[in-house]
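S.K.: Got a structure for you, questions after.
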Amino acid sequence: FKTIEQQWGKVDILVNNVGTNIRKKTMEYTQEEYEKLFATNLTSCFEMCRLFYPLLKESGSAAIVNVASTNGLTFARTGSPYSMTKAAMIHGTKYLAVEWAKENIRVNVVAPWYIRTPLTEGVLANKEYYNEVLERTPMNRVGNPEEVAAAIAFLCMPASSFITGECIAIDGGFTKYGF
């Protein structure tokens, strides 16, 4: 942070893209496991926003994009701690968008469904589960990282300068259909 502050003096864009999951039923989580999920998925995002706030404010026209999950919008079979972290991130994003708008800091969030990444490959390798995912996704496929990146890039561009506090689901229609 100090290096960025000394070298640049401002930050125009902050993307908080971190996350992990432990796929199990809610009552099977240990306290250590759900605390790890909260620290990784939620606290880190909030602290990055707070830490970079002064440099974002200096920008005069900054954008923050947080990466949540469709699990923060609707039910999925992955245990409530993960979903709680993503729902809190979505709500926190909306709150910061309102609070920081007067400093010309836009804050938005994207909520991907299944995207083909190393984090999801193990789950998607289960053909039965993969077929269930496709059945619940109106576009009948999983997403690609480039599709998430494109939405994030748009939210950082001047073309989206009047968009703040929004959650864009990158989900092939899943949140309109449910699981």
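S.K.: Answer yes or no: is there a residue in region 101-111 that is exposed (fewer than 14 other Cβ atoms within 10 Å of the Cβ) and either farther than 27 Å from Glu58 by Cβ or touching a strand residue (DSSP E or B) at 6+ places or on another chain (Cβ under 7 Å) (or both).
M.R.: Checked region 101-111: no residue is exposed (fewer than 14 other Cβ atoms within 10 Å of the Cβ) and either farther than 27 Å from Glu58 by Cβ or touching a strand residue (DSSP E or B) at 6+ places or on another chain (Cβ under 7 Å) (or both).
S.K.: Going through region 1-46 one residue at a time, which ones are more than 25 Å from Arg106 (Cβ to Cβ), of a type outside the set (Ser, Thr, Tyr) and within 21 Å of the chain's Cα centre (by Cα)?
M.R.: Asn21, Ile22, Arg23, Lys24, Glu33, Glu35, Lys36, Leu37, Phe38, Ala39
S.K.: Name the residue that is nearest to Tyr53 (Cα to Cα), counting only residues in region 90-122 that are among the aliphatic types (A, V, I, L, M) and free of Cβ contacts under 8 Å to residues at least 60 places away in the same chain.
M.R.: Top of the filtered list is Ile105.
S.K.: Looking at region 137-179, which of its residues are within 18 Å of Ala62 (Cα to Cα), surrounded by fewer than 19 Cβ atoms within 10 Å (Cβ to Cβ), hydrophobic (A, V, I, L, M, F, W, C) and touching a helix residue (DSSP H, G or I) at 6+ places or on another chain (Cβ under 9 Å)?
M.R.: Selection gives Phe154, Ile163.
S.K.: Considering only residues of region 3-21 that are among the β-branched types (Val, Ile, Thr) and without any contact (Cβ under 8 Å) to a residue 60 or more places away in the chain, which is nearest to Tyr53 (Cα to Cα)?
M.R.: Val11
S.K.: Among the residues of region 85-142, count how many are β-branched (Val, Ile, Thr), more than 24 Å from Ile13 (Cα to Cα), within 19 Å of the chain's Cα centre (by Cα) and in a helix (DSSP H, G or I).
M.R.: Of the residues in region 85-142, 1 are β-branched (Val, Ile, Thr), more than 24 Å from Ile13 (Cα to Cα), within 19 Å of the chain's Cα centre (by Cα) and in a helix (DSSP H, G or I).
S.K.: Right, here's the next one. Conditions first: (1) over 28 Å from Gln7 (Cα atoms); (2) in a helix (DSSP H, G or I); (3) modelled with pLDDT of 95 or more; (4) of a type outside the set (D, E, K, R). Tyr82 passes all but one, so which condition is the exception?
M.R.: So the condition that Tyr82 fails would be (3).
S.K.: Conditions first: (1) under 17 Å from Lys94 (Cα atoms); (2) among the aliphatic types (A, V, I, L, M); (3) in a helix (DSSP H, G or I). Val65 passes all but one, so which condition is the exception?
M.R.: Tallying (1) under 17 Å from Lys94 (Cα atoms); (2) among the aliphatic types (A, V, I, L, M); (3) in a helix (DSSP H, G or I), Val65 fails exactly one: (3).
S.K.: Right, next: Which one of the conditions (1) surrounded by 14 or more Cβ atoms within 10 Å (Cβ to Cβ); (2) in contact with a Cys (Cβ under 9 Å, 6 or more places away or on another chain); (3) not small (Gly, Ala, Ser) does Val18 fail to meet, given that it meets all the rest?
M.R.: (1)
S.K.: Among the residues that make up region 159-174, is at least one of them assigned to a helix (DSSP H, G or I), over 17 Å from the mean Cα position of the chain (by Cα), over 18 Å from Ala76 (Cβ atoms) and in contact (Cβ under 8 Å) with a residue 12 or more places away in the chain?
M.R.: Yes, that holds for at least one residue.
The values are calculated or read from the model by the stated rules, or taken from the named source; none is laboratory data. If you're wondering where the values come from, they're calculated on a predicted model, not measured in any experiment. With ideal geometry, Cβ positions are generated from the backbone for all residues, glycine too; neighbour counts draw on all protein chains shown.
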